[in-house]
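Structure first, commentary second.
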Amino acid sequence: MREIIATVLENKRIAENIHSLTFACEEAVPVRAGQFVMIGMNGFPLRRPLAVCKAEGERITVCYQLKGEGTRRLASDYKAGEKLSVLLPLGNGFYVAEEEKRVAVVGGGVGIFPLISAIRQYADTKEIYAYMGFRNRAAVCMEYEMRRGRELVIATDDGSFGYHGTAVQALMESIGSVKPDVILSCGPLPMLRALKSAVAGRKIPTYVSLEERMGCGIGACLVCVCEKTGGGHARVCRDGPVFEIGEVEI
Ligand SMILES: Cc1cc2nc3c(=O)[nH]c(=O)nc-3n(C[C@H](O)[C@H](O)[C@H](O)COP(=O)(O)OP(=O)(O)OC[C@H]3O[C@@H](n4cnc5c(N)ncnc54)[C@H](O)[C@@H]3O)c2cc1C
Ligand code: FES
């Protein structure tokens, strides 16, 4: 992990309430799919955690939903040429074993962004089946990136685009034919809970990336702790954010 002063290259709206920010580091940073950055902004004592969506040498892209004061300020004040303080790369990231060839990725909401990174990382060596869920058509973004895999199902809650239903329902409709060796997922807790019960008993290794509120992002403040199944705690920023689905209480 290191702290860098990055230069904003582009910061633009890509869907309803969603922006994409690309910044340049001083040099190339090796980033694994599922790792994240902590973005510092002037006037905010706490940095904001955002998953890496694309890492291309010294260029890093994150995508963020306008949520509170921090993300709104990021969108309004950080135009091309501005400087940003960034901690990266953070967290463990997704891991797909050599023998796991068929990979299902299941994302919902802002959880699709770390999964785009996974699709980019594994598209050349694995068969990727992507199930990506959005609220409605206006929220759909990064379709080109999601299409890099073998198959893509875009699901919308209201049926205004693609499959009418959730990403987990879409996965379960084809799980018998796709037969994934491993499932990678990120999304809101209700989605992760639905996935957990849907795959229970199927013996498919399933990994989830958690989004907890964070303070430091580097394991020091304990703001992000979650409960481990069977007792004990884990720091989402340092021990995660990716966990085996049975390892943590969700
Ligand atoms: C590992 C990780 C990866 C993430 N990746 C993305 C991503 O790729 N795209 C995206 O849109 N969002 C992502 N989030 C959520 C994002 O960090 C929050 O939406 C953002 O911090 C909200 O900041 P705010 O100031 O606009 O909102 P406010 O609600 O005003 O934030 C107040 C405080 O709460 C924290 N906070 C609020 N919501 C969250 C949350 N869901 N998770 C963690 N901290 C939160 C903020 O960091 C800040 O310290 C990720 C969170 C984590 C932990
Ligand atoms: S955010 Fe400080 S320990 Fe995880």
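Laboratory data are not the source of any read-out in this text; all were calculated from the coordinates shown. Keep in mind the model is a prediction, meaning the values are calculated, not measured. Note that we place each Cβ from the backbone using ideal geometry, even for glycine, and neighbour counts take in every protein chain shown.
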Item checked: Using θ = phi - 60° and Karplus 6.51 cos²θ - 1.76 cosθ + 1.60, couplings along the stretch 213-220 (whole Hz; Gly, Pro as x) -> 4, 10, x, 8, x, 10, x, 9
Notebook entry, point to check: Expressed in nm to one decimal, what extension gain is obtained for the pair Thr7 and Glu56 from 0.36 nm per residue of sequence separation less their Cα-Cα distance?
Noted result: 16.2 nm
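When DSSP beta bridges are limited to those with both residues in the stretch 153-250, what percentage is antiparallel, rounded to the nearest 5?
On the way: 7 of 13 bridges.
Taking every DSSP beta bridge with both residues in the stretch 153-250, the antiparallel ones total about 55 percent.
Please compute one quarter of the surface area of the Cα convex hull for the chain and express it in square nanometres. Working shown, then result.
Details: hull surface 51.2 nm².
The orientation-averaged projected area of the Cα hull of the chain comes to 12.8 nm².
If neighbour count is taken as other Cβ atoms inside 10 Å, put Asp124, Asp157 in order from fewest to most.
Values: Asp124 8, Asp157 15.
Fewest to most other Cβ atoms nearby, the residues stand as Asp124, Asp157.
From Cα pairs below 8 angstrom and at least 6 apart in sequence, can you work out the relative contact order of the stretch 98-250, rounded to a whole percent? Intermediate values should be presented prior to the final figure.
On the way: 291 pairs, mean separation 31.1, N = 153.
With pairs under 8 Å counted, the relative contact order is 20 percent.
Could you tell me whether the stretch 96-226 comes out rounded, prolate or oblate from its Cα gyration tensor? Rule is a ≥ b ≥ c as square roots of the eigenvalues, rounded for a/c under 1.5, then prolate if a/b exceeds b/c, otherwise oblate.
Details: a/c = 1.45, a/b = 1.20, b/c = 1.21.
Because its axes are fairly even, with a/c under 1.5, the stretch 96-226 counts as rounded.
Between Glu227 and Arg102, what length comes free when the chain is fully extended (0.36 nm per residue of separation minus the Cα-Cα distance, one decimal in nm)?
Working: separation 125, 0.36 × 125 = 45.00 nm, distance 2.99 nm.
That pair, Glu227 and Arg102, stretches by 42.0 nm at full extension.
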Notebook entry, point to check: Taking neighbour counts of Cβ atoms within 10 Å as a proxy for exposure, in what order, fewest first, do Tyr144, Tyr129, Tyr95 appear?
Noted result: Tyr144, Tyr95, Tyr129
Checklist line | Nonlocal Lys pairs with alpha-carbon distance under 24 Å, the chain (8 or more apart, or different chains) | finding: 22
Note to self: Calculate log10 I(q)/I(0) of the stretch 2-90 for q = 0.13, 0.15, 0.17, 0.19 Å⁻¹, where I(q) comes from the Debye formula with a single equal point scatterer on each Cα and nothing for solvent.
What the structure shows: -0.35, -0.47, -0.62, -0.79
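Neighbouring Cβ atoms within 10 Å as the yardstick, rank Ser197, Ser20 fewest first. Numbers along the way, then the final one.
Details: Ser197 9, Ser20 19.
Listed from fewest to most nearby Cβ atoms, that is Ser197, Ser20.
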Next item on the list: In whole angstrom, note down how far apart the Cα centers of the stretch 134-179 and the stretch 60-126 are.
Entry: 18
